[in-house]
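Derivation of every value follows stated rules applied to the coordinates shown; laboratory data play no part. Every value quoted in this text rests on a predicted model; they were computed, and no experiment measured them. Cβ atoms come from the backbone with ideal geometry, glycine included; neighbour counts cover every protein chain shown.
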Amino acid sequence: MFPLAAAPRFANDSPGVTVNVASSHLVHRAPVSYPAEARANGIEGTVVAQLRLDSNGEVADAAILSGPQELRKTVLESVLAWHFEKSDAATPQTISVRFVKPAALPPPAPNASPLPAAPRPQPAAARKIRQIIINDLPDDMRNSLRSTLPVHEGEDLTPAGYAAAAQTARSFDSHLQLSVRRNADDTFTMFIDLPVTTVAANPAAPQEADESDVMHVGKDVTAPQLISKVEPEYTEEARAAKYQGTVLLSTVIGADGRATNFKVIRSLGMGLDEKAIEAVEKWQFRPGMKAGAPVKVQAQIEVNFRTL
C-alpha cells in the first residue's frame with residue numbers, strides 16, 4: 001500500500017455541519033446541507049449512518065441508525081454520492097454528522113451573486129487533443145485512469161472518442177464527468193472531474209416535503225411493480241455521439257403509484273439524466289403495500305439509453 005499523494009475532494013458543507021468518518025478512507029463525497037427549516041427551529045444533534053459499499057467503494061445502500069428526524073434526510077441524500085477506497089468495501093462503514101446551529105450571518109451585499117460558469121463546449125468535429133486534465137482524484141488513481149483512457153493527447157477528438165472516454169471515466173468512478181474546452185488554436189483540452197457542488201449558507205428554498213413516512217422494501221413492505229412506462233428520449237448531442245449507457249435514479253414511489261423526489265446516483269451527462277427523469281415521471285407503478293394499504297417506498301430505477 002502506498003500513501004495517497006493528494007487529499008480527497010470534499011465539497012463545502014453548510015455552516016454548522018461537521019462530518020466524522022472515523023477510520024474510513026474517503027476518496028470524495030458530496031456536501032451535507034443544514035435544512036433551512038431545521039436550522040430556523042434550532043434543531044441540533046448528530047445523525048449516525050451505516051453505509052454498505054460496492055466493490056468499487058461507492059455507497060450502494062445506507063441506513064440511518066440514529067439522530068433527529070428533521071436532519072436524517074439530508075444526510076441520507078449526501079452519503080449516497082460518497083466514494084471510499086476499495087479497501088473499505090469489505091465491511092459496512094459507520095459515519096456521523098453533527099449539526100450545530102451557526103451564528104446568524106449578515107445578508108449578502110446587493111448584486112453579489114456570482115455569475116454561473118459558462119458551459120464548456122462539446123466537440124462537434126475532429127480536432128487535436130492538446131491536454132487531458134484529471135482533477136479531484138489522488139495521484140495513483142489519476143494515473144490509473146489516464147492509462148485506461150481510449151484517447152490521448154495529440155490525437156483527434158471525435159464524437160465516438162468523446163463518448164468512449166466519458167464511459168471509461170464513469171466506469172472508473174460513476175461520479176466523474178467529462179467535458180472539453182476549445183482552445184484559441186482550435187485544439188481541445190479535455191477535463192475529467194467531479195461535478196461542482198456547493199451548499200448555500202442561507203438557502204432561500206421552499207420547505208421540503210415531509211418524507212418521514214417513506215418506507216424501504218423488506219419485512220412487511222412489498223416492492224412497487226411497474227405497470228406502464230414510456231421510453232426516454234435521446235438528446236441531439238447524445239444521439240450524434242452514439243452515446244449509450246444507464247442512468248441510475250433514486251426516487252420515491254408514492255401511494256398513488258407515481259415516482260417523485262428524484263436524485264441521480266449514476267449520471268450519463270449530455271442531457272440524458274434529465275431525459276431519464278422526464279420519462280420516469282410518466283411511468284405508472286402498482287404502489288408498495290404494508291398491511292394491505294399502499295405506502296410510499298424508496299426505490300432505485302435504472303433507465304437505459306441504447307442507440308439502434
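Points worth noting:
- Where a label projected 7 Å from the Cα of Asn41 along Cα→Cβ would reach, residues of the range 274-308 with amide N under 11 Å: none
- Rg/Rh for the range 127-193 (Cα atoms only, Rh after Kirkwood) is 0.94.
- Proximal lysines to Lys290, defined as alpha-carbon separation beneath 22 angstrom and excluding residues fewer than eight positions away on the same chain: Lys73, Lys219
- Beyond 22 Å, the tail of the calculated P(r) for the range 9-99 holds 21 percent of the Cα pairs.
- Cβ crowding within 10 Å, taken as a proxy for footprinting-reagent exposure, orders Asp88, Asp185 from fewest neighbours to most as Asp185, Asp88.
- Karplus 3J(HN,Hα) series, Hz, for the range 217-222 with 6.51 cos²θ - 1.76 cosθ + 1.60 (x for Gly, Pro): 5, x, 6, 9, 10, 8
- Full-stretch length increase - Gln167, Glu278 - with 0.36 nm per residue and alpha-carbon distance subtracted: 37.7 nm
- Inter-probe distance in nm under a simple model that places probes 7 Å from Cα toward Cβ, at Arg182 and Thr307: 2.1
- DSSP-assigned coil residues among GluC sites (Glu not before Pro) in the range 23-88, each with at most 16 further Cβ atoms within 10 Å: Glu44
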